[in-house]
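Encoded as structure tokens, the structure appears first; notes follow it.
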Amino acid sequence: MMNAKPVAIVGASGYSGEELVRLLLAHPHVELAAVTSRQYAGRTLAQIFPRFAHHPRARTLRFSEPNPAVLAKQAQVVFLALPHGVAAEYAVPLLELGCQVIDLSADFRVRSAAVYQEFYAHEHPAPELLARAVYGLPEIYRAQIKPASLIASPGCYPTSILLPTLPLLKAGLVAPEGIIANSLSGVSGAGRKVELDYLFVECNESARPYGIPKHRHLSEIEQELSLAAGRPVTIQFTPHLIPVNRGILTTLYLTPAGATLEQITECYQAAYAREPFVRLLEGKALPDTKNVAHTNVIEIAWRHDPRTGRLIVMSAEDNVVKGAGGQAIQSMNLMCGFPETAGLM
């Protein structure tokens with residue numbers, strides 16, 4: 001590929017890493033130069049992910065041990081698809097070596113090291129980088145993402161909650177108090193790991209809440225809602241595990257601040273009508289995970305309940321595309337000056 005930008009994925013064997021592989025192999029402006037996995041070092045992409053075996057690059061590119069000094073010579077942009085706490089160990093040397101880093105973990109999403117420690121139960125591994133990181137929600141922070149060298153790509157639940165809520169809070173159309181968010185997530189959201197809770201027999205024909213009452217994603221959700229509202233915002237958030245492979249469906253309960261449904265609609269149109277990956281649903285249509293699976297699209301719909309006076313806002317997204325790998329590539333496109341939709345349509 002002529003003039004293709006070399007990119008690397010650290011932790012390419014997880015669900016988010018696999019999604020990055022899928023999208024980057026087909027991206028018109030990049031070359032997948034390196035993929036790392038301690039578990040699969042020495043084996044080709046095609047051996048580990050047979051569904052990519054038709055791609056010539058997948059038959060020749062081998063997983064390697066993650067080494068920042070080597071990666072910096074191979075790639076200009078490095079995606080970190082690693083657990084929180086581990087990603088920062090690679091971000092620090094990669095940035096020092098001049099790479100652009102897009103981190104899919106939680107290590108740089110929260111601006112406060114103290115809040116990070118509160119929610120993730122260990123000290124922040126690189127607090128000196130927090131001020132440098134840009135929260136990678138392109139529809140909200142597009143201008144800040146373009147010149148950035150360190151992107152903190154948002155979590156899947158936060159994306160499904162923030163995109164529907166931020167415009168309304170910024171416009172003062174809903175009250176910042178009493179926000180309730182209920183989310184249903186497919187099992188891939190737990191990551192590719194062997195744990196009893198995520199075995200087929202445990203998940204199939206079953207639905208259950210978890211992370212009650214203080215899921216760790218609340219740290220970034222409340223941070224971004226507070227910035228939009230201009231004051232501290234605390235919400236009630238209940239995540240649920242449902243027996244599907246991928247997808248998140250979120251229902252939000254909001255209190256209108258004297259706003260009419262027409263004003264809510266106008267606000268969403270102003271914020272998202274021209275956004276390539278936000279689908280505002282008109283008429284009777286409601287969000288459905290099957291309509292966003294394997295895409296970088298989030299669907300949003302809203303209804304006013306005259307009985308309770310509440311505004312009900314709903315969203316659906318693919319948790320490993322818009323909620324992870326796809327959104328990270330959207331940020332990469334902005335950083336590199338590519339069309340924002342490149343490799344994502």
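Only the coordinates and a few stated rules stand behind these numbers; no lab work does. As the structure is a prediction and not an experimental result, all values here were calculated from the model. Because the Cβ atoms are built from the backbone with ideal geometry, glycine has one as well, and the counts that use them run over all protein chains shown.
Would you please classify the overall shape of the stretch 301-345 from the alpha carbon gyration tensor, given that a ≥ b ≥ c denote the square roots of the eigenvalues, rounded means a/c under 1.5, and beyond that prolate means a/b larger than b/c while oblate covers the rest?
Since a/c reaches 1.5 and a/b is larger than b/c, the shape of the stretch 301-345 is classed as prolate.
Once you have the Cα-Cα distance between Glu123 and Thr260, take 0.36 nm times their residue separation minus that, and quote the gain in nm to one decimal.
44.8 nm
Arranged from highest to lowest average of other beta-carbon atoms within 10 Å per residue, in what order do the peptides 279-287, 313-321, 333-341, 108-116 appear?
Ranking the peptides 279-287, 313-321, 333-341, 108-116 by packing returns 313-321, 108-116, 333-341, 279-287.
Using the beta-carbon distance between Ala273 and Asn182 and R0 = 30 Å, what value does 1/(1 + (r/R0)^6) give for FRET efficiency, to the nearest 0.05?
0.65
On C-alpha positions alone, give me the angle between the axis of helix 156-170 and the longest principal axis of the chain, in degrees, nearest 10.
For 156-170 against the chain, the angle is about 40 degrees.
Put a dot 7 Å past each Cα toward the Cβ at Ala131 and Ala53; how far apart are the dots in nm?
It is 5.3 nm.
Of Pro138, Pro154, Pro276, which has the largest mean-square fluctuation in a 10 Å C-alpha GNM of the chain?
Pro276
Give the order of Glu299, Glu96 when sorted by the count of other beta carbons within 10 angstrom, beginning with the fewest.
Ranking Glu299, Glu96 by Cβ neighbours within 10 Å, fewest first, gives Glu96, Glu299.
By DSSP, what percent of the beta bridges with both residues in the chain are antiparallel, rounded to the nearest 5?
Taking every DSSP beta bridge with both residues in the chain, the antiparallel ones total about 45 percent.
Measure nothing but the geometry: give the 0 to 90° angle between the long axis through the Cα atoms of 87-96 and the longest principal axis through the Cα atoms of the chain, rounded to 10°.
Tilt of helix 87-96: around 60 degrees.
Indicate the gyration tensor shape class of the stretch 215-263 (rounded, prolate or oblate), computed on the Cα atoms with a ≥ b ≥ c the square roots of the eigenvalues: a/c under 1.5 is rounded; otherwise a/b larger than b/c is prolate and the rest oblate.
It is oblate, given that a/c is not under 1.5 and a/b is not larger than b/c.
Give, as ranges by residue number, the residues of the stretch 160-192 whose backbone N falls under 15 Å from the point 7 Å along Cα→Cβ of Asp305.
Zone members listed by number: 178-183.
Mean-square fluctuation check for the chain, GNM, Cα pairs under 10 Å: which of Gly178, Gly85, Gly189 is largest?
Gly178
Once you order the gyration tensor axes a ≥ b ≥ c over the Cα atoms, which shape class does the stretch 110-181 get: rounded for a/c under 1.5, otherwise prolate or oblate by comparing a/b with b/c?
Since a/c reaches 1.5 but b/c is at least a/b, the shape of the stretch 110-181 is classed as oblate.
Take the Cα of Glu96, step 7 Å along the line toward its Cβ, and report every residue of the stretch 1-33 whose backbone nitrogen sits under 11 Å from that point.
The answer is none.
Taking the Cα of Ala190, stepping 7 Å toward and past its beta carbon, and measuring to each backbone N in the stretch 32-69: which are under 18 Å?
none
Pick out which of Tyr40, Tyr253, Tyr210 has the largest mean-square fluctuation in a Gaussian network model of the chain, springs linking Cα atoms closer than 10 Å.
Taking springs between Cα atoms under 10 Å, the residue moving most is Tyr210.
About the Cα centre of the stretch 5-132, how large is the charge dipole given +1 on each Lys and Arg Cβ and -1 on each Asp and Glu Cβ? Please answer in debye to the nearest 20.
With only Lys, Arg, Asp and Glu charged at Cβ, the dipole is about 620 debye.
Could you work out the relative contact order of the chain? I mean the mean sequence separation of Cα pairs under 8 Å and 6+ apart, divided by the number of residues, in percent.
17 percent
Given the pairs Lys146/Lys193; Lys193/Lys322; Lys73/Lys214; Lys5/Lys170; Lys170/Lys193; Lys5/Lys322, which span a C-alpha to C-alpha distance of over 30 angstrom in this model?
Lys146/Lys193; Lys73/Lys214; Lys5/Lys170; Lys170/Lys193
Rg and Dmax in Å for the chain, alpha carbons only: what are they?
Considering the chain through its Cα atoms, Rg and Dmax are 19.7, 62 Å.
Between His240 and Lys73, what length comes free when the chain is fully extended (0.36 nm per residue of separation minus the Cα-Cα distance, one decimal in nm)?
The His240-Lys73 span can extend by a further 55.9 nm.
Quick check: pseudo-label points 7 Å beyond the Cα along Cα→Cβ at Arg38 and Asn291, how many nm apart are they?
4.4 nm
Over the alpha-carbon set of the stretch 176-330, work out the extent along each principal axis and list the three values in angstrom, largest first.
Principal-axis extents of the stretch 176-330 (Cα, largest first): 48, 32, 31 Å.
Can you find, among Ser331, Ala259, Thr159, the residue farthest towards the positive end of the dipole of the chain? Put +1 on the C-beta of Lys and Arg, -1 on that of Asp and Glu.
Value computed over the given set: Ser331.
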